[in-house]
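A.B. asks: Shown below is the structure under consideration.
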Amino acid sequence: MGGPTLAQSRISTEPVLSAGDDLDVLVAFSREAYDAHRSEVRKGGVILYDSGGFQVDDDDNTLGLPIDELAKSTGNPRAANMVLLGAIAHLVNMPEEYLPDFVMKRFNRGRAGDVAVIKANIMALSLGREQARSRGFSIGELELPQKPEFEQIMVKGNDAISLGAVAAGLDTFIGYPISPATAILVFMERNLIGPGKFAYQASSELEAINAVLGAGYAGKKAMTATSGPGLSLMSEGLGMGWMMEIPVVVVDVQRGGPATGLPTKTEQSDLLAALNPAHGDARFPIIAPGTVEECFYATVKAINWAERYQGPVIVLSEQVFAERNQNIPKPDLDKLVIERRKVYSGERGYRRYEGADLSPMPLPGGPGSYVANASEHDPMGDTTHLAHRHVEMTERRFNKLKLLEDGTYEGEHQEEPIALMPWGASKGPAREAYNIMRERGQRVGWYYTMYLHPLPPKLLEELRQKELVLVPELNYQGQFASILRSQGVRAEAITQYNGLPFKVRDLVARVTERAKSPKGVMVRA
Amino acid sequence: MSKKNPEYDFKWCPGCGDFGVRRALEIALQRRSAETELPMENNVVVAGIGCSGNLVHLVEGPQPFGIHGIHGRTLPVAFGIKMARPELNVVVAAGDGDFLSIGGEHIAPQAKRNLDVTAIVMDNGVYGLTKGQGSPTTKMGTVTSTTPFGKLEEALNPLVLYLTLGVGFIASGFSGKPKDLADLIYQGMSYPGFAIVHVQSPCTTYNDTYEVLKGNPQKGILPVLWDVNANHDRTDRDAAYGLLRKGGVPIGVIYQREASEPLEERLKRVIQRIKLQDARQLVESFSI
């Protein structure tokens, strides 16, 4: 396992929507990295490479730096990254003092060697900067950032999910390590602790789902987080939660699948599995965030939904968010709406599953003891095989979904007969593509929601009026498009399944081409 | 609930050992309620799938809370309930198929965590609900519907397994003696840690072992069951292995670890020594 690793940064004075198509600067530490990525550098971009490690011909856009040698000359060989940062700072015309200020803050740790470390790092920054300057490299002026009027936090998608969960009052988290969801478990083990709180690494996803259902049954707000393979293992447990009417949240940070698949690559291919993870007649609520910021609010909403309709809710995140570190507006916890389930407080002899809709839930220790039953049951919770009971209970369970039709959505140029409607992380590149197309005067509308099931009813109504709804999604089958079609929308997928996010230019080209003759809907057989 | 609910149509066969286990559980729960002065609703019975699991619907008198879940996952559900609400008394009721076959992977983690729940394993050596297939405790060579030419696997010795996995309280009981069994279950519930009460609970339809267990002097059949001697040192693990090596099925408390700190107490000690952060502080820690 393994292979080359890469880190990518995108800086803008405007909100960053996607990873971007092209590279302004490529830093290659190996020949392999240089060969693999040089074609992604835009015209006028610059390649920095480690000339101590390999040789290519320097030219107008290629600059070799003897990184280790320069670092050693500062007296601290570990300052190699600072040599590069200095060179990049020059390329983007960053004010000289920014990085030295950062170094002084970062390494002022009250340790004996701090002064020497700071000195070497600042020297390394200058050396890198000087190399780029003396050779005349630049990629132009980067606008100076304006500090926004609101406060910000810097979080990864997995952090945002974790913070959303604790902000919504999560009590219990039980999970099993799996890429790319592990960071949520790690966060919870460290932070979801104290009276009434419990976080634990289970022995498997089978244990995790059943344990969080136990906690949900006992009255707690409970959650687990996993990826595709774990979701598969949790399927029977999710069915149990649906059947017993137990609030619980499952986060699926999607990766390439099926089976072990592509654990470190992104894909939007678990949608159908998340909608119907369990066998039998069940269809699970799904919230799929489309930005790092939405990861926070999706999780808050998922916990609220679980409490409100008393059942499992799935948050569908993606590998591409898991480790994406982004500055987002700091959530105002005072403005969050936090919901709690309706709890039964009457006498003994309660019929917990009575009626065609939601009923208050008894909690152990309190009145109204009942059997939460994974078998079909009567209103008391006892097993039954009577046909009319299965009819009643099935309808009751589906009826409760109506409580979740409060999802919001984005709509722009709703008068257009053709609309672009991405879901999840394809929102970013799709939005950039949409902006480009509108600027060019192309007639296309925009829809987006993170509430994939149930869909906001009014959104569905609007979509049904469209001549064509184009759905960019990272899977072979066009999963969301097929769901929309099943609900009477003329939807067609724009698919990609190479483990990578969409490039904006590809979307622009494919949407433009498809919109030329929008009659009819193409379906992959 | 059976008497109160005519709609519930499940029935154990006449003579089924599970009747005795149910009676024993009722006695133990009522005794606990009386002694702790906590209502019956303070108890949660987590049942598995199989004939045994129906026990949760059949308890008479004041009703505990119950779970009748999916096959093999009683311990994970109990784990979640107990750690969410440590003040609850959580009891698992599962059969040999549910607990030792499909659910076997969940025993070791609870033993190592010392989860404070009591598991009652109702062992009839067969899958009864699905009409007579071999189970982990079915003897080698036995003919069942899935072992038509005799079972090719050796029978598992559950008591040796529990002891080896480090279960803190291990008792062995017999459904034919519900009062004695109730006492073992009560001891298990009083033990601060993971307790298993393994019960011989024969299936009269598919694997009737009453005669084998109790013996039949007229036919010259010696009983398999024998009472653990009063002077057995239950805190001595080697002595416990010694009992199990004697053969047959000893009835009584096999092993009880002297010092037992359940998971929730370990967690309390951690909470005392670390600095806790609320949601606001956690969000703040990501400020830029």
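The values are calculated or read from the model by the stated rules, or taken from the named source; none is laboratory data. Note that this is a predicted model, so its numbers are computed, not measured. Cβ sites come from the backbone with ideal geometry, for glycine too, and all protein chains shown count toward neighbours.
A.B. asks: Which is surrounded by fewer than 18 Cβ atoms within 10 Å (Cβ to Cβ), of a type outside the set (A, V, I, L, M), under 15 Å from residue A:84 (Cβ atoms) and over 27 Å from the mean Cα position of the chain (by Cα), of A:60, A:68? Steps first, please.
C.D. replies: Working: A:60 fails: under 15 Å from residue A:84 (Cβ atoms).
Every option except A:68 fails the conditions.
A.B. asks: Residue under question is residue A:366, and the condition is that it be within 8 Å of another protein chain (Cβ to nearest Cβ), touching a residue at least 24 places away in the same chain (Cβ under 8 Å), part of a loop (DSSP other than H, G, I, E, B) and under 30 Å from residue B:58 (Cβ atoms); does it hold?
C.D. replies: Working: within 8 Å of another protein chain (Cβ to nearest Cβ): yes; touching a residue at least 24 places away in the same chain (Cβ under 8 Å): no; part of a loop (DSSP other than H, G, I, E, B): yes; under 30 Å from residue B:58 (Cβ atoms): yes.
No: the conditions fail for residue A:366.
A.B. asks: I'd like the residue in segment A:375-395 that is acidic (Asp, Glu) and more than 7 Å from every other protein chain (Cβ to nearest Cβ) and, out of all such residues, is farthest from residue A:356 (Cα to Cα). Write out each step before concluding.
C.D. replies: Keep residues of segment A:375-395 that are acidic (Asp, Glu), which gives A:376, A:378, A:382, A:392, A:395.
Keeping just the survivors that are more than 7 Å from every other protein chain (Cβ to nearest Cβ) gives A:376, A:392, A:395.
Numbers: A:376: 15, A:392: 7, A:395: 7 Å.
Across segment A:375-395, the extreme among qualifying residues is A:376.
A.B. asks: Right, residue A:363: among the aliphatic types (A, V, I, L, M) and more than 19 Å from residue A:219 (Cα to Cα) or not? Even if it seems obvious, please write down each step before you answer.
C.D. replies: Numbers: among the aliphatic types (A, V, I, L, M): yes; more than 19 Å from residue A:219 (Cα to Cα): no.
The answer is no for residue A:363.
A.B. asks: Something else: From A:315, A:343, which residue is in contact with a helix residue (DSSP H, G or I) (Cβ under 7 Å, 6 or more places away or on another chain) and modelled with pLDDT of 95 or more? Break it down into steps so the answer makes sense when it comes.
C.D. replies: Values: A:343 fails: in contact with a helix residue (DSSP H, G or I) (Cβ under 7 Å, 6 or more places away or on another chain).
Result: A:315 is the single residue among A:315, A:343 that is in contact with a helix residue (DSSP H, G or I) (Cβ under 7 Å, 6 or more places away or on another chain) and modelled with pLDDT of 95 or more.
A.B. asks: Then there is this: If only one of A:161, A:184, A:178 is under 19 Å from residue A:317 (Cα atoms) and assigned to a loop (DSSP other than H, G, I, E, B), which one is it?
C.D. replies: Working: A:161 fails: assigned to a loop (DSSP other than H, G, I, E, B); A:184 fails: assigned to a loop (DSSP other than H, G, I, E, B).
Being under 19 Å from residue A:317 (Cα atoms) and assigned to a loop (DSSP other than H, G, I, E, B) holds for just one of A:161, A:184, A:178, which is A:178.
A.B. asks: If you don't mind, there's one more thing I want to ask. Does residue B:111 satisfy the condition of being surrounded by fewer than 24 Cβ atoms within 10 Å (Cβ to Cβ) and more than 10 Å from chain A (Cβ to nearest Cβ)?
C.D. replies: On the way: surrounded by fewer than 24 Cβ atoms within 10 Å (Cβ to Cβ): yes; more than 10 Å from chain A (Cβ to nearest Cβ): yes.
Considered against the rule, which asks whether it is surrounded by fewer than 24 Cβ atoms within 10 Å (Cβ to Cβ) and more than 10 Å from chain A (Cβ to nearest Cβ), residue B:111 comes out as yes.
A.B. asks: Only residues that are facing chain A (nearest Cβ under 9 Å) and within 15 Å of the chain's Cα centre (by Cα): list them for segment B:67-104, please.
C.D. replies: Listed by number, the residues that qualify are B:67, B:68, B:71, B:72, B:73, B:74, B:75, B:76, B:77, B:78, B:79, B:90.
A.B. asks: Right, something else. Test of understanding: among A:459, A:484, which residue is outside the structural domain of residue A:257 (by TED's automatic domain parsing), hydrophobic (A, V, I, L, M, F, W, C) and out of contact with any helix residue (DSSP H, G or I) (no Cβ under 9 Å at 6 or more places or on another chain)?
C.D. replies: Numbers: A:484 fails: out of contact with any helix residue (DSSP H, G or I) (no Cβ under 9 Å at 6 or more places or on another chain).
A:459 is the lone residue from the list that is outside the structural domain of residue A:257 (by TED's automatic domain parsing), hydrophobic (A, V, I, L, M, F, W, C) and out of contact with any helix residue (DSSP H, G or I) (no Cβ under 9 Å at 6 or more places or on another chain).
A.B. asks: Going by the conditions given, is residue A:362 buried (at least 20 other Cβ atoms within 10 Å of the Cβ), in contact with a Gly (Cβ under 9 Å, 6 or more places away or on another chain) and not assigned by TED's automatic domain parsing to the domain that holds residue A:492? Spell out the reasoning first.
C.D. replies: On the way: buried (at least 20 other Cβ atoms within 10 Å of the Cβ): yes; in contact with a Gly (Cβ under 9 Å, 6 or more places away or on another chain): yes; not assigned by TED's automatic domain parsing to the domain that holds residue A:492: yes.
Spelling it out, residue A:362 is indeed buried (at least 20 other Cβ atoms within 10 Å of the Cβ), in contact with a Gly (Cβ under 9 Å, 6 or more places away or on another chain) and not assigned by TED's automatic domain parsing to the domain that holds residue A:492.
A.B. asks: Which of the residues belonging to segment A:99-114 are touching a helix residue (DSSP H, G or I) at 6+ places or on another chain (Cβ under 7 Å) and in a helix (DSSP H, G or I)? Break it down stepwise before answering.
C.D. replies: Of the residues in segment A:99-114, the ones touching a helix residue (DSSP H, G or I) at 6+ places or on another chain (Cβ under 7 Å) are A:99-100, A:103-104, A:107-108, A:114.
Those that are touching a helix residue (DSSP H, G or I) at 6+ places or on another chain (Cβ under 7 Å) and in a helix (DSSP H, G or I): A:99, A:100, A:103, A:104, A:107, A:114.
A.B. asks: Cβ-Cβ below 7 Å, separation at least six or inter-chain, first residue in segment A:184-208 and at the interface with chain B (Cβ under 9 Å from one of its Cβ atoms) and buried (at least 23 other Cβ atoms within 10 Å of the Cβ), second of a type in the set (Ser, Thr, Tyr) and in a loop (DSSP other than H, G, I, E, B): which pairs?
C.D. replies: A:202/A:176; A:208/A:176
A.B. asks: Follow-up. Looking at segment A:283-309 only, could you name the residues that are surrounded by fewer than 23 Cβ atoms within 10 Å (Cβ to Cβ) and assigned to a loop (DSSP other than H, G, I, E, B)?
C.D. replies: Scanning segment A:283-309 gives A:283, A:284.
A.B. asks: (1) more than 7 Å from every other protein chain (Cβ to nearest Cβ); (2) not hydroxyl-bearing (Ser, Thr, Tyr); (3) not in a helix (DSSP H, G or I): which one isn't true of residue A:243, the others all being true?
C.D. replies: Just one mismatch for residue A:243, condition (3).
A.B. asks: Within segment B:1-55, track down each residue that is at the interface with another protein chain (Cβ under 8 Å from one of its Cβ atoms), under 24 Å from residue B:117 (Cα atoms) and of a type in the set (D, E, K, R).
C.D. replies: Hit for segment B:1-55 is B:41, nothing else.
A.B. asks: I've got another one for you. Condition test on residue A:155, is it within 14 Å of another protein chain (Cβ to nearest Cβ) and closer than 30 Å to residue A:38 by Cα? Quick ask: steps written out before the conclusion?
C.D. replies: Values: within 14 Å of another protein chain (Cβ to nearest Cβ): yes; closer than 30 Å to residue A:38 by Cα: yes.
Judged against the criteria, residue A:155 is a match.
A.B. asks: Being in a loop (DSSP other than H, G, I, E, B) and either touching a Pro at 6+ places or on another chain (Cβ under 6 Å) or modelled with pLDDT of 95 or more (or both) narrows it down to one of B:119, B:155, so name that one. Steps first, please.
C.D. replies: Working: B:119 fails: in a loop (DSSP other than H, G, I, E, B).
From the options B:119, B:155, the qualifying one is B:155.
A.B. asks: Now a separate question. Looking at segment A:404-496, what helices (runs of 4 or more DSSP H) fall wholly within it and have at least 2 residues that are among the small types (Gly, Ala, Ser)? I'd like the intermediate steps shown before the answer.
C.D. replies: Values: elements: A:427-439, A:457-464, A:479-486.
Output list reads A:427-439, A:479-486.
A.B. asks: Here is a further query. Please specify each residue of segment A:315-363 satisfying the condition of being under 29 Å from residue A:276 (Cβ atoms), out of contact with any Cys (no Cβ under 9 Å at 6 or more places or on another chain) and assigned to a helix (DSSP H, G or I).
C.D. replies: Selection gives A:319, A:320, A:322.
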